[in-house]
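As structure tokens, the structure follows; a few thoughts come after it.
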Amino acid sequence: MLNPSGNEPQVPSLHDWEILGVNVSRFTRKAEIILYSPDKDTEAVLRLNGVQRFFLSEMMLQNVILDVQLFDEINDSDYLERGLRLLGMESFNFGQEKGLKLIYFEPSVGAELTCCFSEFEFIEIKRAGNIDFGTDRK
């Protein structure tokens with residue numbers, strides 16, 4: 001479970017999950033990342049509130065996650081540096097704002113995503129055949 005400081009909700013390990021879609025609103029300052037685990041046949045939504053900056057690149061038909069890192073303070077992580085660089089932020093600015101978090105999705109294939117936000121919620125939903133992936137998928 002990813003839990004930067006120990007007193008926040010947790011994000012489970014998302015290794016080998018796929019990013020199916022992303023919905024971002026600059027008006028409500030919210031982002032939703034729609035996820036799917038082929039191993040568990042489970043869908044999930046990661047909701048980010050208080051979004052200040054958001055970056056997504058290389059979205060493809062299949063977007064497999066290698067690793068996800070969540071930060072709520074400055075440290076020497078290369079993932080944090082990469083996320084800040086993609087968002088055009090300085091580590092000084094990130095470290096000064098109380099309650100600010102950064103999440104970084106490192107891709108195996110496809111989308112690289114990073115976001116600076118204040119709150120999150122992870123909702124996991126067992127699939128009940130509600131997404132049609134096509135008739136040739138077994």
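The values are calculated or read from the model by the stated rules, or taken from the named source; none is laboratory data. The model shown is predicted, which means the values in this text are computed figures rather than measured ones. Here Cβ is always computed from backbone atoms with ideal geometry, including for glycine, and neighbour counts include all displayed protein chains. Heads up: the accessible areas ignore ligands, DNA and RNA and are worked out on the full protein's heavy atoms, side chains in. Shrake-Rupley method; radii C 1.70, N 1.55, O 1.52, S 1.80 Å.
For GluC sites (Glu not before Pro), the sites in segment 46-129 that DSSP calls loop and that have at most 15 other Cβ atoms within 10 Å are E58, E73, E90, E97.
Taking K and R as +1 and D and E as -1, what net charge do the other residues with C-beta under 11 Å from the C-beta of S91 add up to? Overall, the nearby charge balance is -3. Sparsely packed loop sites in segment 1-104 (the trypsin sites (Lys or Arg not before Pro) outside DSSP H, G, I, E and B with at most 10 other Cβ atoms within 10 Å) comprise R26, K98.
Quote the charge dipole size of segment 68-116 about the Cα centre in Debye, to the nearest 20; the model charges only the Cβ of Lys and Arg (+1) and of Asp and Glu (-1). Can you show the working numbers first?
Numbers: 4 positive and 9 negative charges, 32 e Å.
The dipole of segment 68-116 has a size of about 160 debye.
Of the chymotrypsin sites (Phe, Trp or Tyr not before Pro) found in segment 72-108, not one falls in a DSSP loop while having at most 14 other beta-carbon atoms within 10 Å.
Which number gives the lysine pairs in the chain that have C-alpha atoms under 26 Å apart and are eight or more places apart or on different chains?
Numbers: K30/K98; K30/K101; K30/K126; K40/K126; K40/K138; K126/K138.
Close lysine pairs found across the chain: 6.
The base-10 log of I(q)/I(0) for segment 3-74, evaluated at q = 0.20 Å⁻¹, reads -1.01 [Debye formula, identical scatterers on Cα atoms, solvent excluded]. Per the 1.4 Å probe, what fraction of the accessible area of segment 26-74, in percent, lies on carbon and sulfur atoms? Answer for segment 26-74 is 48 percent, counting heavy atoms of protein chains only. Legend: translational diffusion of the chain by Stokes-Einstein, Rh = Kirkwood radius over C-alpha pairs, 37 °C, 0.692 mPa s; D = 212 µm²/s. For the chain, the longest principal axis of the alpha carbon atoms and the long axis of helix 78-87 meet at an angle near 90°.
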